[in-house]
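Below are the structure tokens for one structure; questions will follow.
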Amino acid sequence: MDWIKAQGLKIVVNDLHELIIRAKKGDQIAFRQLVTAYKGSVFRHAFALLNDRMEAEDVTQEAFVKAYYSLAQLKNEYAFVSWLTRVVTNLCYDKNKKLAKKKAMAAEELNENVSEKGPSPIDHTLMNMSIKEALQKIPIDHRNVLILREIQGYSYAEISELLHIPLGTVKSRISAAREGLKKELQKG
Amino acid sequence: MYLDGEIDEQEKNKIEEHLALCPECRQKLQELSSMKEQLTSAFTMIEIPDRIEDKVLSGIRQAAIHKYTWAALTFMIGFGLLFLLSMIQIFTAGLHIFQTTFSISRGLIYAFPSIMGTIPNMIVVVSIFIVMFITMALIMLRYLVHTMGKKLRVEDI
């Protein structure tokens, strides 16, 4: 048997498979145990993509609710994790679009009030960016593959399969993401 | 790829040979490696919110209520439209019957004088018939009364 660490618990792969089968039949207790097993991974992924705890929590909840209602359509129980990761990715992409629109509108309003002289010296201290903030500056497609590699621990081949993109694209996006992140950190 | 261990042994050896000779590449590798570590530690140490399980199950219940509400609403609208349609059909049929009856009655009313006009002395003939009918009725009534009276006299004796 293979052992997987999930949320500090050692859960047997066969037990997870059993949980998924039971959850597919509508067993809410089994589904609750699945949520416990994967909530950390899902939240971490969402938070890394959005850098907002509230939004990440919403995505986590929405992802599991979607998973519950779509579980019956899952043909291979062993594909549950990659399938769930895809759901989280899509939800985060949608959220990101909405947040980008809100920010653009807020920025437009702010530009009307900002002095033409530019930011004050105090603002420079705030510009020292953390890695989380720098990550938000790179395109979401690049950010996602970097997160899946560095935080979620997927291999290049697994990322390629998960996101339905060629292996070459995965490599180029990770490379571009790292370069972009380095530049953002150097700016700060 | 070298940083992620996603290369084969041959390529790895080539890169390591180059790194041994190139301080610039060594520096770049060091920077990327440091960034990789920062990224991993920044997100693996984050606190996972409590009670996500409860929120998820609550979300599942809300979604179920939402689904059933929409289903019930769709059913009611469908039933309502069907009822309205059948009422319109009944109303239309009833209206058609009324219109037909009215047309027939109106036709008869308009036709009566014409019929009367086509037959010569029709009014005279009809009047004679009415008089004859009334006369016959009176005769029969008198006979009836007379018959009933004779019966009484015999019973009295």
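The values are calculated or read from the model by the stated rules, or taken from the named source; none is laboratory data. Because the structure is a prediction, the values reported are computed rather than measured. Reconstructed Cβ throughout: ideal geometry from the backbone, glycine too, with neighbour counts over all protein chains shown. SASA here: full protein model, heavy atoms, side chains in, ligands and nucleic acids out. Shrake-Rupley method; radii C 1.70, N 1.55, O 1.52, S 1.80 Å.
Would you confirm, using the coordinates I've provided, whether B:M1 is modelled with pLDDT under 85, open to solvent by 70 Å² or more (accessible area, probe 1.4 Å) and at the interface with chain A (Cβ under 9 Å from one of its Cβ atoms)?
Considered against the rule, which asks whether it is modelled with pLDDT under 85, open to solvent by 70 Å² or more (accessible area, probe 1.4 Å) and at the interface with chain A (Cβ under 9 Å from one of its Cβ atoms), B:M1 comes out as yes.
To keep it simple, each residue is scored yes or no on (1) of a type in the set (A, V, I, L, M, F, W, C); (2) more than 16 Å from B:E37 (Cα to Cα).
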position: A:I147; (1), (2): yes, no
position: A:I159; (1), (2): yes, yes
position: A:L162; (1), (2): yes, yes
position: A:S172; (1), (2): no, yes
position: A:R178; (1), (2): no, no
position: A:E184; (1), (2): no, yes
position: A:K187; (1), (2): no, yes
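Do you know which residues across region B:20-62 are aromatic (F, W, Y) and not in a helix (DSSP H, G or I)?
Across region B:20-62, there are no qualifying residues.
While we're here: Go through (1) open to solvent by less than 10 Å² (accessible area, probe 1.4 Å); (2) out of contact with any helix residue (DSSP H, G or I) (no Cβ under 7 Å at 6 or more places or on another chain) one by one and return the number of the condition A:E18 breaks.
(1)
Among the residues of region B:21-43, write down those that are more than 7 Å from every other protein chain (Cβ to nearest Cβ) and either open to solvent by less than 60 Å² (accessible area, probe 1.4 Å) or among the polar types (S, T, N, Q) (or both).
Residues satisfying the conditions are B:C22, B:C25, B:Q27, B:L29, B:Q30, B:S33, B:S34, B:S41.
When you go through B:L73, B:L81 one by one, which is the residue that is open to solvent by less than 100 Å² (accessible area, probe 1.4 Å) and not hydroxyl-bearing (S, T, Y)?
Of B:L73, B:L81, the one residue that is open to solvent by less than 100 Å² (accessible area, probe 1.4 Å) and not hydroxyl-bearing (S, T, Y) is B:L73.
Can you find a residue in region A:139-156 that is open to solvent by 90 Å² or more (accessible area, probe 1.4 Å) and either away from chain B (no Cβ under 12 Å) or at pLDDT 90 or above (or both)?
no
So which residues in region A:66-91 are more than 14 Å from chain B (Cβ to nearest Cβ) and touching a residue at least 24 places away in the same chain (Cβ under 8 Å)?
Those that are more than 14 Å from chain B (Cβ to nearest Cβ) and touching a residue at least 24 places away in the same chain (Cβ under 8 Å): A:L74, A:E77, A:Y78, A:F80, A:V81, A:S82, A:T85, A:R86, A:T89.
Being open to solvent by 10 Å² or more (accessible area, probe 1.4 Å) and more than 9 Å from chain B (Cβ to nearest Cβ) is the filter here, so list the residues in region A:36-65 that pass it.
A:Y38, A:S41, A:L50, A:N51, A:D52, A:M54, A:E55, A:D58
What are the residues in region A:157-167 that are in a helix (DSSP H, G or I) and open to solvent by less than 30 Å² (accessible area, probe 1.4 Å), if any?
Across region A:157-167, the qualifying residues are A:I159, A:S160, A:L162.
Any chance you could count how many residues in region B:4-19 are loosely packed, with under 12 Cβ neighbours inside 10 Å and either within 13 Å of another protein chain (Cβ to nearest Cβ) or outside any helix (DSSP H, G or I) (or both)?
2
Right, something else. When residues of region B:44-54 are filtered for being open to solvent by 70 Å² or more (accessible area, probe 1.4 Å) and at negative phi, how many remain?
Counting residues in region B:44-54 that are open to solvent by 70 Å² or more (accessible area, probe 1.4 Å) and at negative phi gives 3.
Quick one: how many residues across region B:122-140 are more than 22 Å from B:F112 (Cβ to Cβ) and not aliphatic (A, V, I, L, M)?
Matching residues across region B:122-140 total 1.
Could you tell me how many of the residues in region A:28-59 are within 23 Å of A:N96 (Cα to Cα) and either among the acidic types (D, E) or free of Cβ contacts under 8 Å to residues at least 24 places away in the same chain (or both)?
9
Go through the residues of region A:93-105 one by one and say whether even a single one is over 20 Å from A:Q152 (Cα atoms), among the hydrophobic types (A, V, I, L, M, F, W, C) and either within 14 Å of another protein chain (Cβ to nearest Cβ) or touching a residue at least 40 places away in the same chain (Cβ under 8 Å) (or both).
yes
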